[in-house]
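First comes the structure, then the notes that go with it.
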Amino acid sequence: MLSSPLDGEARLFLEAMEGVRPLDRGPDKIAPSLQKHGKSDARGMPSVPGEKEVAEELRAIVQGKRDIPVEHTPEYVEGPVINSNPRLVKKLRRGRFSVQSYCDLHGLTSREALEWCEEFISRSIAANRSCVAIIHGRGLCSPKGPVLKKLVQEWLRTGRWRRHVIAYSSAPNWDGGPGVTYVLLRQKPAPRRKRRKPRLWDR
């Protein structure tokens with residue numbers, strides 16, 4: 001029976017898993033904590049909590065029934081810009097914030113894309129939006145790779161509005177995945193870090 005062709009993400013996953021072998025689960029290889037609990041699978045061997053769910057998840061990914069989580073792909077990007085809480089980044093990449101506006105950069109030059117980003121973030125802050133998205137694409141058809149994606153990422157870290165950016169991350173697969181970057185905004189810019197005055201013993 002012919003198997004259906006795998007998409008790019010599934011192929012990347014299989015390449016990453018190439019050469020990986022299952023652990024030897026002989027009685028002398030089982031962790032004492034698992035032996036102590038005395039739980040076993042159909043073969044009479046101690047089972048790891050959550051093992052079945054993980055196996056089902058991997059099987060669904062390989063069969064093309066489920067996408068690889070975007071954070072597990074090489075194209076994933078994220079960035080706490082200034083003192084970001086890691087929990088916020090996690091919520092952002094999972095789509096837990098409602099996206100209030102989108103900016104599509106397809107077909108623009110690098111210069112035009114930066115101008116659009118400037119205007120878009122400026123208007124978003126003025127409109128009191130807290131979560132927005134920038135559509136830059138994945139650059140799969142570009143000989144130079146994801147030019148706009150890299151440009152947006154660098155601009156979010158160093159651009160004029162960087163102190164208004166709490167964090168950014170690739171969108172979940174159902175909303176564009178690595179071709180879209182979510183941006184979490186604050187209304188007031190983050191305070192600048194004060195330079196520490198040198199102490200006598202530092203000189």
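Rounded to whole numbers, the Karplus 3J(HN,Hα) couplings from phi for the range 122-139 are 4, 5, 5, 5, 4, 8, 6, 7, 9, 9, 10, 9, 10, 9, 10, x, 9, x Hz, using 6.51 cos²θ - 1.76 cosθ + 1.60 with θ = phi - 60°, and x at Gly and Pro. The H on the amide N of residue 131, modeled in the peptide plane, is under 5 Å from the matching H of 100, 185, each at least 5 residues off or on a different chain. Over the range 77-185, all Cα pairs binned in 10 Å intervals from 0 give whole-percent P(r) values of 15, 53, 29, 3, listed from short to long. Of the residues 183, 167, 137, the one whose Cα sits farthest towards the positive end of the charge dipole of the range 77-185 is 167 (charges of +1 on Lys and Arg Cβ, -1 on Asp and Glu Cβ, taken about the Cα centre).
Across the range 94-146, the relative contact order, built from alpha-carbon pairs under 8 Å that are at least six residues apart, equals 45 percent. Think of each Lys and Arg Cβ as +1 and each Asp and Glu Cβ as -1; about the Cα centre, that makes the dipole of the range 77-185 roughly 480 debye.
Every read-out reported here was derived from the displayed coordinates using simple, explicitly stated rules and does not represent laboratory data. Predicted model only: the values in this text are computed from it and were never measured. FYI the Cβ positions are ideal-geometry reconstructions off the backbone, even for glycines, and counts take in every protein chain you see.
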